[in-house]
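The values are calculated or read from the model by the stated rules, or taken from the named source; none is laboratory data. As the structure is a computational prediction, the values presented were derived from the model and not from experiment. Here the Cβ positions follow ideal geometry from the backbone for every residue, glycine too, while neighbour counts run over all protein chains shown. Accessible surface areas use protein heavy atoms only, side chains included; no ligands, DNA or RNA. Shrake-Rupley method; radii C 1.70, N 1.55, O 1.52, S 1.80 Å.
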Amino acid sequence: MAAGTRKRGRGGPAARAAGLCEQWLRRVWQERRLLLLEPRYTLLVAACLCLAEVGITFWVIHRVAYTEIDWKAYMAEVEGVINGTYDYTQLQGDTGPLVYPAGFVYIFMGLYYATGQGTDIRMAQHIFAVLYLTTLLLVFLIYHQTCKVPPFVFFFMCCASYRVHSIFVLRLFNDPVAMALLFLSINLLLAQRWGWGCCCFSLAVSVKMNVLLFAPGLLFLLLTQFGLRGALPKLGICAVLQVVLGLPFLLENPVGYVSRSFDLGRQFLFRWTVNWRFLPEALFLHRAFHLALLATHLTLLLLFVLCRWHRTGEGILSLLKDPSKRKVPPQPLTPNQIVSTLFTSNFIGICFSRSLHYQFYVWYFHTLPYLLWATPARWLTHLLRLLVLGLIELSWNTYPSTSCSSAALHVCHAVILLQLWLGPQPFPKTIQHSKKAH
């Protein structure tokens with residue numbers, strides 16, 4: 001009996017130790033899941049992914065062949081300015097005339113000198129690698145403040161996109177430069193630095209005017225926050241910066257500068273289109289098709305303004321009033337209201353673009369996780385969201401594009417638009433409660 005008791009006594013502590021070990025392992029596993037699912041861990045996961053991206057980007061630069069597309073043309077265009085040509089109609093490279101605003105010229109002039117007149121491609125790739133990591137950091141800071149996207153999604157935003165790594169460090173396009181400045185602008189807006197945010201926004205536009213797709217959302221935010229009188233100085237910052245940057249070219253040939261750098265009617269080649277491959281080329285090039293896309297773009301923007309963003313119960317013209325004179329007491333804009341408005345404005349423009357080329361993927365790539373996860377919908381599970389991300393990535397990686405890849409891209413865009421329309425509003429309708437409280 002005594003021996004039996006001693007045997008059970010030895011087994012008791014061992015069993016308890018095993019139980020404690022099992023509980024600890026279970027807790028570790030649960031915390032691991034939380035680390036991947038809870039947005040409050042965004043910065044921790046971001047730090048790990050940025051470290052991984054340093055190695056991945058370095059590997060891509062040294063193991064994957066660089067492809068020349070526009071870099072030499074950029075350098076030739078900049079070299080023309082360095083040699084004293086300020087007439088935009090006389091500036092051109094191997095791929096055609098200079099069609100970007102003055103900010104592009106100044107930034108790529110710096111790259112011209114930093115890379116030995118554009119000949120040191122490896123140096124240029126390393127500079128763009130730093131730009132890529134900086135862009136990631138700015139994007140992660142935005143997601144940290146919105147606290148909407150589960151961190152496991154960021155793996156697909158970072159390490160899993162071949163096309164985005166290619167655009168940054170294997171092609172050296174100017175699109176990433178514009179988007180880095182845009183994300184810096186959004187961070188400043190989130191910090192309530194509206195003047196500096198508008199300054200950086202205008203600087204991004206001066207590199208490439210695709211950033212104007214964010215402009216309707218920014219205008220709405222400025223009117224909501226400040227009213228017309230308060231918004232005018234911020235809009236003035238944007239306008240004055242464009243004039244100052246373009247002044248040397250405006251003094252030489254103002255019509256040539258404006259018509260070249262802000263050419264809204266520019267014709268795109270059908271061979272490069274990612275989103276309209278299933279159309280006949282004649283329809284793709286037809287002006288009526290372009291006007292129909294523009295009309296649909298503006299209509300959908302107006303619907304979002306009236307039904308999704310402006311939900312105070314007052315007329316849309318109330319946005320022009322000073323906030324203190326509106327019926328509803330003004331409330332500070334939340335990070336999600338700012339980010340949702342800007343990202344949605346840009347996304348609507350992309351959905352109805354006349355053409356999307358491969359480098360245009362960075363126009364909205366880093367915003368896709370927010371657009372998919374910030375407005376939860378029961379019918380769209382994590383798996384379906386990841387499927388949408390995967391199909392979009394596949395569509396952009398299909399070269400040359402096919403009718404199926406273009407159609408798949410539009411289907412994915414339609415799913416995201418539907419979720420943005422049906423999901424919870426970033427601007428909740430609280431007018432009745434506000435009136436009673438007032």
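What's the number of the only condition in (1) over 17 Å from Cys351 (Cβ atoms); (2) in contact with a Ser or Thr (Cβ under 7 Å, 6 or more places away or on another chain); (3) open to solvent by less than 60 Å² (accessible area, probe 1.4 Å) that Gly265 fails to meet?
(2)
What residue, among those in the range 272-307 that are among the β-branched types (Val, Ile, Thr) and assigned to a helix (DSSP H, G or I), is most open to solvent (accessible area, probe 1.4 Å)? Break it down into steps so the answer makes sense when it comes.
Of all residues in the range 272-307, those among the β-branched types (Val, Ile, Thr) come to 273-274, 296, 299, 305.
Of the ones still in play, those that are also assigned to a helix (DSSP H, G or I) are 296, 299, 305.
Working: Thr296: 60, Thr299: 78, Val305: 28 Å².
Among those that are among the β-branched types (Val, Ile, Thr) and assigned to a helix (DSSP H, G or I), it is Thr299.
Give, as residue ranges, the helices (runs of 4 or more DSSP H) completely inside the range 149-206 that count at least 1 residues that are surrounded by fewer than 19 Cβ atoms within 10 Å (Cβ to Cβ) and among the aliphatic types (A, V, I, L, M).
Filter on the range 149-206 gives 175-190.
Can you name every residue in the range 118-128 that is open to solvent by less than 10 Å² (accessible area, probe 1.4 Å) and either out of contact with any helix residue (DSSP H, G or I) (no Cβ under 7 Å at 6 or more places or on another chain) or under 19 Å from Cys159 (Cα atoms) (or both)?
Passing the criteria: Gln125, Phe128.
Would you be able to say whether some residue in the range 240-257 is assigned to a loop (DSSP other than H, G, I, E, B), modelled with pLDDT of 90 or more and at negative phi?
There is at least one residue in the range 240-257 that is assigned to a loop (DSSP other than H, G, I, E, B), modelled with pLDDT of 90 or more and at negative phi.
Name the residues in the range 80-110 that are assigned to a loop (DSSP other than H, G, I, E, B), among the hydroxyl-bearing types (Ser, Thr, Tyr) and touching a helix residue (DSSP H, G or I) at 6+ places or on another chain (Cβ under 7 Å), would you?
Answer for the range 80-110, where residues must be assigned to a loop (DSSP other than H, G, I, E, B), among the hydroxyl-bearing types (Ser, Thr, Tyr) and touching a helix residue (DSSP H, G or I) at 6+ places or on another chain (Cβ under 7 Å): Tyr86, Thr95, Tyr100.
Pairs only if they're at least six apart or on different chains, beta carbon under 8 angstrom, first in the range 216-232 and without any contact (Cβ under 8 Å) to a residue 12 or more places away in the chain and over 17 Å from Arg326 (Cβ atoms), second of a type outside the set (Lys, Arg) and assigned to a helix (DSSP H, G or I); list them, first residue then second.
The qualifying pairs do not exist here.
Quick check, is Leu137 open to solvent by 10 Å² or more (accessible area, probe 1.4 Å), farther than 30 Å from Arg260 by Cα, at pLDDT 95 or above and part of a helix (DSSP H, G or I)?
On the way: open to solvent by 10 Å² or more (accessible area, probe 1.4 Å): yes; farther than 30 Å from Arg260 by Cα: yes; at pLDDT 95 or above: yes; part of a helix (DSSP H, G or I): yes.
Against the criterion (open to solvent by 10 Å² or more (accessible area, probe 1.4 Å), farther than 30 Å from Arg260 by Cα, at pLDDT 95 or above and part of a helix (DSSP H, G or I)), Leu137 qualifies.
Any idea which residue in the range 81-112 is modelled with the highest pLDDT, counting only those that are over 24 Å from Ser202 (Cα atoms) and open to solvent by less than 40 Å² (accessible area, probe 1.4 Å)?
Gly93
What number goes with the only condition from (1) among the hydrophobic types (A, V, I, L, M, F, W, C); (2) within 26 Å of the chain's Cα centre (by Cα); (3) not in a helix (DSSP H, G or I) that Ala65 does not pass?
Every listed condition holds for Ala65 apart from (2).
Are any of the residues in the range 320-329 under 26 Å from Leu417 (Cβ atoms) and open to solvent by less than 80 Å² (accessible area, probe 1.4 Å)? Spell out how you get there, then give the answer.
Just the residues of the range 320-329 that are under 26 Å from Leu417 (Cβ atoms), to begin with: none.
So far as the range 320-329 goes, no, none of its residues is under 26 Å from Leu417 (Cβ atoms) and open to solvent by less than 80 Å² (accessible area, probe 1.4 Å).
Among the listed residues Leu394, Leu383, Leu368, identify the single one that is of a type in the set (A, V, I, L, M, F, W, C) and out of contact with any helix residue (DSSP H, G or I) (no Cβ under 9 Å at 6 or more places or on another chain).
Leu383
Determine whether the range 69-79 contains at least one residue that is more than 21 Å from Val255 (Cα to Cα), open to solvent by 40 Å² or more (accessible area, probe 1.4 Å), in a helix (DSSP H, G or I) and out of contact with any Asp or Glu (no Cβ under 7 Å at 6 or more places or on another chain).
yes
Restricting the search to the range 284-307, which residues are among the β-branched types (Val, Ile, Thr) and at pLDDT below 95? Can you show your working first?
Restricting attention to the range 284-307, the residues satisfying the condition of being among the β-branched types (Val, Ile, Thr) are 296, 299, 305.
Across the range 284-307, the qualifying residue is only Val305.
Restricting attention to the range 348-385, which residues are farther than 18 Å from Cys158 by Cα and of a type in the set (S, T, N, Q)?
The answer is Ser353, Ser355, Thr375, Thr381.
From (1) in a helix (DSSP H, G or I); (2) among the aliphatic types (A, V, I, L, M); (3) crowded, with 20+ Cβ neighbours inside 10 Å, pick out the condition that doesn't hold for Leu212.
Of (1) in a helix (DSSP H, G or I); (2) among the aliphatic types (A, V, I, L, M); (3) crowded, with 20+ Cβ neighbours inside 10 Å, only one is false for Leu212: (3).
Those residues that are among the hydroxyl-bearing types (Ser, Thr, Tyr) and either surrounded by fewer than 18 Cβ atoms within 10 Å (Cβ to Cβ) or out of contact with any helix residue (DSSP H, G or I) (no Cβ under 6 Å at 6 or more places or on another chain) (or both), I need them from the range 399-432; list them, please.
Residues satisfying the conditions are Tyr399, Ser401, Thr402, Ser403, Ser406, Thr430.
Please name all residue pairs, on different chains or six or more residues apart, with Cβ atoms under 6 Å, provided the first residue is in the range 182-209 and is of a type in the set (Lys, Arg) and the second residue is open to solvent by 20 Å² or more (accessible area, probe 1.4 Å).
Lys208/Tyr100
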